[in-house]
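J.: Structure below; questions to follow.
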Amino acid sequence: MTLTNWAGNTAFQAKDIHHPASIDELRRVVAGSSRVRALGSGHSFNHVADTTGDLVVLDRMPDLVEIDTATSTVRVGARMTYARLAPLLHEAGFALENMASLPHISVAGSVATATHGSGDAVRCLAAAVSAVELVTADGSLLSLSRGDADFPGAVVALGALGVVTSLTLDLVPAFELRQYVREGLTVEALDHFEAIMSSGYSVSLFTDWRDTRVWVKRAEELTDPDWYGTRPADGPRHPLPAMPADSCTQQLGVPGPWFERLPHFRPDHEPSGAGDELQSELLLPRDRAVEALRALFAIGERIRPVLHISEVRSIAADDLWLSPFRGRDSVGIHFTWKKDVAGVLPVLELVEETLAPYGALPHWGKLFTRWPACPPDFRDLVGRLDPDGTFANDFTRTLLGD
């Protein structure tokens, strides 16, 4: 059976697929391979994890969750998903600062591609990493910690430096949130964009570039009946208007633990269209967001025929070399497309062209056609740690200009 990604739009070309059950076995596989890549939960929509060599799947590696209460950190194995990790942290009185909309995804894969949630004051998931351990090209183990010179290049690394075996994540005290959905946000309300996006711990706009809803996740009750000209949803909502809300986390302002409110989707349900979709996302400086959004509303008629829904999120700056949020507070404009590659690609190119003047950068795990320049510091790091290209593939070679 052909191995594909979650969406089924990418079939992996690997000549062999390995499922190592220990660190030592993983080291032997890597050391014995001339070309190798690691696969996480397969939620990327492009060829970032593909290879014509050996593909390593870490689904048989031992589970690892080591909570250090003294330093408020947790060390987790690369196969760990946020859905399995979060309840364990909460039981111990801790939380992650942020989560993505899907808890189903692996920690290592999410970190490697700079996946993120939403919140003016919270950074992408990779920014929580304080240490990383990986198997390098000769099969040896390399550990890097925050403060090491190469650390900012080794966190968001697209698998180009080695196979990550564990990550240490910063923790915060456990907390509760309420989730509200507000409907009927108008284009005119973009005048209040900064106030809207800062009105909760995590805020998302869902739009088809005509009708817009707001997901607000906050500790306090939201009591204003006319909040920015919107009305409260009269029941649970799914981000896709035609979909039932059974797979979504609880709404209507009911308080609950952080890990049951920050994601949009419940871990025990298939999210969204269960893979019947394509995704892309462009990240741009927060201070250009309103201009960019107005430009997209102006071409909404071109976008809607191939679109399920778009989501607008806010992400705080970090200092990681390959992060699209490096040195800039950002806004992400996400597109969940219909599964129609021929129809989507020309519209995606139009969207990229429209957003290019605002400094847009792509999400590494989604579809894009415009490649950003590779930071020289990351190119140098790859050259030092993987001079023979053991972890290279077409994706990384294009990025590096090889």
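The values are calculated or read from the model by the stated rules, or taken from the named source; none is laboratory data. On a predicted model such as this, the values are computed, not experimentally measured, just so you know. Here Cβ is always computed from backbone atoms with ideal geometry, including for glycine, and neighbour counts include all displayed protein chains.
J.: Only residues that are modelled with pLDDT of 95 or more and within 21 Å of the chain's Cα centre (by Cα): list them for segment 276-287, please.
T.: Listed by number, the residues that qualify are Leu278, Gln279, Ser280, Glu281, Leu282, Leu283, Leu284, Pro285, Arg286.
J.: Give the residue that is surrounded by the most Cβ atoms within 10 Å (Cβ to Cβ), with candidates limited to residues of segment 324-354 that are touching a helix residue (DSSP H, G or I) at 6+ places or on another chain (Cβ under 7 Å) and more than 19 Å from Leu278 (Cα to Cα).
T.: By that ranking, first place goes to Ser330.
Matching residues to (1) touching a residue at least 12 places away in the same chain (Cβ under 8 Å); (2) surrounded by fewer than 20 Cβ atoms within 10 Å (Cβ to Cβ); (3) in contact with a Ser or Thr (Cβ under 6 Å, 6 or more places away or on another chain):
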{"residue": "Val65", "(1), (2), (3)": "yes, yes, no"}
{"residue": "Asp68", "(1), (2), (3)": "no, yes, no"}
{"residue": "Thr71", "(1), (2), (3)": "no, yes, no"}
{"residue": "Ala78", "(1), (2), (3)": "yes, no, yes"}
{"residue": "Pro87", "(1), (2), (3)": "yes, yes, no"}
{"residue": "Glu91", "(1), (2), (3)": "no, yes, no"}
{"residue": "Ser118", "(1), (2), (3)": "yes, no, yes"}
{"residue": "Val132", "(1), (2), (3)": "yes, no, no"}
{"residue": "Ser143", "(1), (2), (3)": "yes, yes, no"}
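J.: Let me ask something else. For the list (1) modelled with pLDDT of 95 or more; (2) in contact with a strand residue (DSSP E or B) (Cβ under 8 Å, 6 or more places away or on another chain); (3) of a type outside the set (Asp, Glu), I need the number of the one condition that Pro271 fails.
T.: Of (1) modelled with pLDDT of 95 or more; (2) in contact with a strand residue (DSSP E or B) (Cβ under 8 Å, 6 or more places away or on another chain); (3) of a type outside the set (Asp, Glu), only one is false for Pro271: (1).
J.: Please state which one of Arg28, Arg84 is in a helix (DSSP H, G or I), more than 24 Å from Ala114 (Cβ to Cβ) and of a type in the set (Lys, Arg).
T.: Arg28 is the lone residue from the list that is in a helix (DSSP H, G or I), more than 24 Å from Ala114 (Cβ to Cβ) and of a type in the set (Lys, Arg).
J.: Across segment 98-136, what is the total count of residues that are outside any helix (DSSP H, G or I), within 13 Å of the chain's Cα centre (by Cα) and farther than 19 Å from Arg79 by Cβ?
T.: 8
J.: Evaluate the following for Trp321: is it surrounded by fewer than 14 Cβ atoms within 10 Å (Cβ to Cβ) and among the hydrophobic types (A, V, I, L, M, F, W, C)?
T.: For Trp321, the condition - surrounded by fewer than 14 Cβ atoms within 10 Å (Cβ to Cβ) and among the hydrophobic types (A, V, I, L, M, F, W, C) - is not met.
J.: Those residues that are free of Cβ contacts under 8 Å to residues at least 24 places away in the same chain and crowded, with 16+ Cβ neighbours inside 10 Å, I need them from segment 235-245; list them, please.
T.: His238, Ala245
J.: Could you run through segment 137-155 and say how many residues are under 19 Å from Pro387 (Cα atoms), in a loop (DSSP other than H, G, I, E, B) and of a type outside the set (A, V, I, L, M)?
T.: 4
J.: Evaluate segment 30-46: report whether one residue or more is aliphatic (A, V, I, L, M), surrounded by 15 or more Cβ atoms within 10 Å (Cβ to Cβ), out of contact with any His (no Cβ under 9 Å at 6 or more places or on another chain) and more than 27 Å from His363 (Cα to Cα).
T.: Within segment 30-46, one or more residues are aliphatic (A, V, I, L, M), surrounded by 15 or more Cβ atoms within 10 Å (Cβ to Cβ), out of contact with any His (no Cβ under 9 Å at 6 or more places or on another chain) and more than 27 Å from His363 (Cα to Cα).
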